Amino acid sequence: MNWFKRFVSFPEIADSILHDEHTFYQAFVRDLRNCKKEVIIECPFITSSRMEKLLPIFEELLRRKVRVHLITRDPSEHDEFFRDQATNKILDCYELGIKFTLLKGNFHRKLAIIDRTVTWEGSLNILSQCNSREIMRRIESKALSIQLCKFIRNID
């Protein structure tokens, strides 16, 4: 394991915290509840079970006039199981006033940007995660959040 120590012995990155599938949602929901203006989530998959947990939080944000923008894979590109779940949840969200961007073609990014100050990025499908080992990094940096917004180019 000496070879591994060489790779992990780097200076701590300021304002960056790693989470796994067990710690992510508690920290992420805390960030959502503290959101003042805007949340952007980009995730290829949407499932009913995960969205049932997130929808009440999105509703709370919308009541406080926070803009919620979800970027996801067009349901027509999923198999029947995911297509039906995604379509139903997108319709539910649309009725609440959540803005959507549907993407086609090999879309696989997983990220969130909160108030263009906090960035979450990693392997966890935020809108669908269930039983998988994942990693997400939380970075608090206005400059990096704005850079990511410009990179994804789907934000007004």
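The values are calculated or read from the model by the stated rules, or taken from the named source; none is laboratory data. Fair warning: this is a prediction, and the values are worked out from it, not measured in the lab. Heads up, the Cβs are rebuilt from the backbone with ideal geometry, glycines too, and the neighbour counts pull from every protein chain shown. Ligands, DNA and RNA are stripped out before the accessible areas are found, and what is left, the full protein with its side chains, is counted by its heavy atoms. Shrake-Rupley method; radii C 1.70, N 1.55, O 1.52, S 1.80 Å.
A few remarks follow.
- Enumeration of residues in region 18-33 that are open to solvent by 70 Å² or more (accessible area, probe 1.4 Å) and touching a residue at least 24 places away in the same chain (Cβ under 8 Å): LEU18, ARG33
- Residue check for ARG138: surrounded by fewer than 17 Cβ atoms within 10 Å (Cβ to Cβ), touching a strand residue (DSSP E or B) at 6+ places or on another chain (Cβ under 7 Å) and either of a type in the set (D, E, K, R) or without any contact (Cβ under 8 Å) to a residue 12 or more places away in the chain (or both): no
- Here LEU148 clears all of (1) under 14 Å from GLU42 (Cβ atoms); (2) open to solvent by 70 Å² or more (accessible area, probe 1.4 Å) except the condition numbered (2).
- Residues of region 49-89 that turn out to be open to solvent by less than 40 Å² (accessible area, probe 1.4 Å), outside any loop (DSSP other than H, G, I, E, B) and not aliphatic (A, V, I, L, M), as a count: 8
- Within region 42-60, residues that are within 19 Å of MET136 (Cα to Cα) reach partners that are small (Gly, Ala, Ser) and open to solvent by less than 10 Å² (accessible area, probe 1.4 Å) with beta carbons closer than 6 Å, at six or more positions or on different chains, in the pairs ILE46/ALA86.
- Taking the conditions (1) touching an Asp or Glu at 6+ places or on another chain (Cβ under 9 Å); (2) closer than 20 Å to SER145 by Cβ in turn, MET51 satisfies each one other than (2).
- Index of the failed condition, PHE107 passing every other in (1) over 23 Å from ARG33 (Cα atoms); (2) open to solvent by 50 Å² or more (accessible area, probe 1.4 Å); (3) part of a loop (DSSP other than H, G, I, E, B); (4) touching a helix residue (DSSP H, G or I) at 6+ places or on another chain (Cβ under 9 Å): (2)
- Pairs are defined by a Cβ separation below 8 Å, a sequence spacing of at least 6 or placement on different chains, a first member in region 119-132 that is open to solvent by 40 Å² or more (accessible area, probe 1.4 Å), and a second member that is hydroxyl-bearing (Ser, Thr, Tyr); the pairs so defined are CYS130/THR47; CYS130/SER49.
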